[in-house]
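Worksheet: the structure to be examined is printed underneath.
The values are calculated or read from the model by the stated rules, or taken from the named source; none is laboratory data. Values in this document were obtained by computation on a predicted structure and should not be read as measured data. Heads up, the Cβs are rebuilt from the backbone with ideal geometry, glycines too, and the neighbour counts pull from every protein chain shown. For the accessible areas, the whole protein counts, side chains as well, though only heavy atoms, and no ligand, DNA or RNA atoms are used. Shrake-Rupley method; radii C 1.70, N 1.55, O 1.52, S 1.80 Å.
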Amino acid sequence: MNAPKTSDGHGCFATTRWSLVVKAGTGAATEAHHALSHLCQIYWYPLYSFARRTGHSPDDAEDLTQEFFLRLLEGEWVASADRTRGRFRTFLLTAMKRFLANEWHRAHAQKRGGHLPILSLDEESAETRFSREPAHTASPDILYERNWALALLENVLCRLEDDLSREGKTAWADILRPLLTSGRGEIDYAATASQLGISEGAARVAVHRLRQRYRQLIRSEVAETVGSEDEVDEELRHLFQVLSGA
């Protein structure tokens, strides 16, 4: 499998849903394997990037990411993820750190490619993306969280584009996307209306509805990565704090 793509070729990395985590940890063999495979697709780049940021070469980072997810598929790591004890992104990073510290030498002793890859990682594409990341002095942990936050927002944007596509408004996506985070006084509704081919009043309604849907989807995505509703607002604050430092 290749990393999921949107219609314009950008990566669409959905954030982990706890329902998938539960299914992966307690489901029947086939169902659990499918759920975990989906989690692998979601988190492959943040963890690949983390391995690179901690000093591993591109080849080793690819091997490490493959082997880490293989261990997830074969073991019970996900079953031990308790949704009442924190966020899955934190659990996964902790597991990756443990794997890098304790099991890399044993994993690397195997012949490279000894396992059938569970992910079709495009190493060149991954490295291209990694090379485009700005130089940082921040720790790999912080950069992992940055990639998680960007993945969450990218998934929200993918869902918004899907909504527009179902409504037959695919061409609207590129026009409206920049307006989602614009200040209200910064939006030129007359120009937007002209681009969309609708009246200015209709453009105002369209932008308002899309911005509202955007906020709803962000909250929904965050809610499915924490253990309880009480943690949603705290996680939202953390999300925007991470993004503000991106």
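Looking only at residues that are part of a helix (DSSP H, G or I), of a type in the set (S, T, Y) and modelled with pLDDT of 90 or more in segment 45-60, which one is surrounded by the most Cβ atoms within 10 Å (Cβ to Cβ)? Full working, then the answer.
Just the residues of segment 45-60 that are part of a helix (DSSP H, G or I), to begin with: 45-53, 58-60.
Filter once more, so that each one left must be of a type in the set (S, T, Y): 45, 48-49.
Next, from what is left, pick out any that are modelled with pLDDT of 90 or more: 48-49.
Working: Y48: 26, S49: 21.
Of everything passing the filter in segment 45-60, Y48 is surrounded by the most Cβ atoms within 10 Å (Cβ to Cβ).
Mind checking which pairs have a first residue in segment 135-164 that is more than 15 Å from Y43 (Cα to Cα) and a second that is open to solvent by less than 30 Å² (accessible area, probe 1.4 Å) and not in a helix (DSSP H, G or I), Cβ under 7 Å, 6 or more apart or different chains?
If the second residue must be open to solvent by less than 30 Å² (accessible area, probe 1.4 Å) and not in a helix (DSSP H, G or I), the pairs left are C158/T6; C158/C12; E161/T6.
Name every residue in segment 208-226 that is among the polar types (S, T, N, Q) and surrounded by 12 or more Cβ atoms within 10 Å (Cβ to Cβ), in order of residue number. Reasoning before the result, please.
The initial filter retains those residues of segment 208-226 that are among the polar types (S, T, N, Q), namely 212, 216, 220, 225.
Correct list: S220, T225.
Select, from T16, T90, the only residue that is within 21 Å of the chain's Cα centre (by Cα), under 25 Å from E231 (Cα atoms), of a type in the set (V, I, T) and at pLDDT 75 or above.
Details: T16 fails: at pLDDT 75 or above.
Being within 21 Å of the chain's Cα centre (by Cα), under 25 Å from E231 (Cα atoms), of a type in the set (V, I, T) and at pLDDT 75 or above holds for just one of T16, T90, which is T90.
Go through segment 42-63 and count every residue that is of a type in the set (G, A, S) and closer than 26 Å to E221 by Cβ. Working first, answer last.
Within segment 42-63, the subset of a type in the set (G, A, S) is 49, 51, 55, 57, 61.
Within this subset, residues satisfying the condition of being closer than 26 Å to E221 by Cβ are 49, 51.
Qualifying residue count, segment 42-63: 2.
Within segment 183-228, how many residues turn out to be among the charged types (D, E, K, R), touching a helix residue (DSSP H, G or I) at 6+ places or on another chain (Cβ under 7 Å) and assigned to a helix (DSSP H, G or I)? Break it down stepwise before answering.
Filtering segment 183-228 for residues among the charged types (D, E, K, R) gives 184, 186, 188, 200, 204, 209, 211, 213, 215, 219, 221, 224.
If we keep only those that are touching a helix residue (DSSP H, G or I) at 6+ places or on another chain (Cβ under 7 Å) too, we end up with 200, 204, 211, 213, 219, 221, 224.
When the remaining residues are screened for being assigned to a helix (DSSP H, G or I), the result is 200, 204, 211, 213, 219, 221.
Qualifying residue count, segment 183-228: 6.
With open to solvent by 70 Å² or more (accessible area, probe 1.4 Å) and at pLDDT 85 or above as the only criterion, which of E234, E229 stands out? Please lay out each step first, then the result.
Numbers: E229 fails: at pLDDT 85 or above.
Matching residue, one of E234, E229: E234.
Could you tell me how many of the residues in segment 211-226 are in contact with an Asp or Glu (Cβ under 8 Å, 6 or more places away or on another chain) and of a type in the set (G, A, S)?
At the first step, the residues of segment 211-226 found to be in contact with an Asp or Glu (Cβ under 8 Å, 6 or more places away or on another chain) are 213, 222-223, 225-226.
Next, from what is left, pick out any that are of a type in the set (G, A, S): 223.
Number of matching residues: 1.
Can you name the residue in segment 138-167 that is out of contact with any Pro (no Cβ under 7 Å at 6 or more places or on another chain) and of a type in the set (S, T, N, Q) and, of all such residues, is least open to solvent (accessible area, probe 1.4 Å)? Full working, then the answer.
First, the residues of segment 138-167 that are out of contact with any Pro (no Cβ under 7 Å at 6 or more places or on another chain): 138-143, 145-146, 149-150, 152-167.
If we keep only those that are of a type in the set (S, T, N, Q) as well, we get 139, 155, 165.
Values: S139: 47, N155: 10, S165: 61 Å².
Per the criteria, the residue is N155.
Condition (residue is assigned to a helix (DSSP H, G or I), of a type in the set (S, T, N, Q) and closer than 30 Å to G245 by Cβ) applied to segment 154-164: is it met by at least one residue? Let's see the steps before the verdict.
Within segment 154-164, the subset assigned to a helix (DSSP H, G or I) is 154-164.
Adding the requirement that they be of a type in the set (S, T, N, Q) leaves 155.
Next, only the ones that are closer than 30 Å to G245 by Cβ stay: 155.
There is at least one residue in segment 154-164 that is assigned to a helix (DSSP H, G or I), of a type in the set (S, T, N, Q) and closer than 30 Å to G245 by Cβ.
Tally up the residues in segment 178-207 that are open to solvent by 70 Å² or more (accessible area, probe 1.4 Å), modelled with pLDDT under 95 and either closer than 23 Å to S220 by Cα or among the charged types (D, E, K, R) (or both), please.
Going through segment 178-207 one residue at a time, the tally reaches 4.
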